[in-house]
1. SER276 versus (1) more than 24 Å from ALA207 (Cα to Cα); (2) part of a loop (DSSP other than H, G, I, E, B); (3) of a type in the set (S, T, N, Q): which is the lone unmet condition?
2. If you go through the range 133-144 one residue at a time, do you hit one that is touching a strand residue (DSSP E or B) at 6+ places or on another chain (Cβ under 7 Å), loosely packed, with under 14 Cβ neighbours inside 10 Å, of a type in the set (D, E, K, R) and at pLDDT 95 or above?
3. Would you check if there is a residue in the range 176-189 being more than 16 Å from the chain's Cα centre (by Cα) and over 25 Å from GLU264 (Cβ atoms)?
4. Say we look at the range 250-275 and pick out the residues that are aromatic (Phe, Trp, Tyr) and closer than 25 Å to GLY297 by Cβ; which of these is nearest to the chain's Cα centre (by Cα)?
5. So ASP290 ticks every box in (1) more than 16 Å from GLU203 (Cβ to Cβ); (2) assigned to a loop (DSSP other than H, G, I, E, B); (3) touching a residue at least 12 places away in the same chain (Cβ under 8 Å) but one. Which box is left unticked?
6. Quickly run through the range 113-147 and pick out the residues that are within 29 Å of VAL83 (Cα to Cα), among the small types (Gly, Ala, Ser) and part of a helix (DSSP H, G or I).
7. Scan the range 128-149 and report the pairs whose first residue is among the acidic types (Asp, Glu) and whose second residue is part of a loop (DSSP other than H, G, I, E, B) and open to solvent by less than 60 Å² (accessible area, probe 1.4 Å), with Cβ atoms within less than 8 Å and a gap of 6+ or a chain change.
8. Of the numbered conditions (1) within 23 Å of TYR273 (Cα to Cα); (2) in contact (Cβ under 8 Å) with a residue 40 or more places away in the chain, SER166 fails exactly one; give the number of that condition.
Amino acid sequence: LQPRSHIIIPSSSLLHTTMKLSLALATLAVGGASAFSVNQNGGLRTSTQLNVFRQPIMAGNWKMNPTTESDALNLAIGFCALVDTLEDTCGLDESDTCTEVVLFPPFPFISKVKDIVSEKGVTVGAQQVYYEDKGAFTGSVAASMVKSVGCEYVLCGHSERRTLFSDSDVNINAKVKKVLEFGMKPILCIGETQEEYDLGITEEVCAMQVSKDLAGVSKKDLENVVLAYEPVWAIGTGLVCDAEDANKVHKFIRTVLAKMYDEEAAQSIRIQYGGSVTPESVDGLMAMSDIDGCLVGGASLFSDKFARICNFKAAEE
């Protein structure tokens, strides 16, 4: 992680965004609909932490990789061959004390990858869906479609969908609710850009995304939601947010959720970290109190690396 610059000259567009963000936060607070409230020290009010168990969850997002079906199947086979041979592993479908593992292959490979990995208790998910059920939406995929081929999870709000495909918080919220409607589980991705990080507004950005993207989601439905904190500047760059810094953001997110729902909901939800996770960094991340798993990109394309990540070394009691 590179140190912040002492002198920051943000772009005019970012200043405009920051001003709108500050205004929106102030409006929420005044209106009493805020997901959080600020105390006199500028921090957030926190509640007593509950003693709850959260099952670890590791997810491999293959993105637009690999390039052929045969390569995808070989990757799945290689991962399955390794996942049960590493030290201290257990069958992923044995009990809630084992690590849950989800793979997100490209759409054309989902069914055949599922046939391979399901024998190991590994589930599959879709990298995204559209919020309409059917119709003239060329190139889009409906929740019912991915459900019918065995998907149990769907990524919602990944930074690449937000930036490259202009996925707005309104659309992301609609997708989250559509995924839940069809009995699947959304992994909702949130996180700040490099410019937002340099401006010191990580918490404000995450709070706004959580508040907007979970609008209208009940506490009961929240039980089937997983959050993934992905600092955008760490995705695919080789930079990894320091484990303790990431954990602070995860704790902050729980304070936001506690105001939106209650402390039980905030402490029960699983929050992953994503952003250039590697076999070398996973143990430190998973030793943190509020990091419940990882959303893995590049390393999930190597069976040995992803198997090691899934079999992270738990911190000694």
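1. For SER276, the failing item is (1).
2. Yes, that holds for at least one residue.
3. Checked against the condition, which is being more than 16 Å from the chain's Cα centre (by Cα) and over 25 Å from GLU264 (Cβ atoms), the range 176-189 yields at least one hit.
4. In this case the residue turns out to be TYR273.
5. (1)
6. Passing the criteria: only SER118.
7. These pairs meet every condition: GLU132/SER140.
8. Among (1) within 23 Å of TYR273 (Cα to Cα); (2) in contact (Cβ under 8 Å) with a residue 40 or more places away in the chain, SER166 violates only (2).
The values are calculated or read from the model by the stated rules, or taken from the named source; none is laboratory data. Just so you know, these numbers come straight off a predicted model, no measurement behind them. Positions of Cβ are backbone-derived with ideal geometry, glycine not excepted, and every protein chain shown enters the neighbour counts. Surface areas here come from the heavy atoms of the whole protein model, side chains and all, with no ligands, DNA or RNA. Shrake-Rupley method; radii C 1.70, N 1.55, O 1.52, S 1.80 Å.
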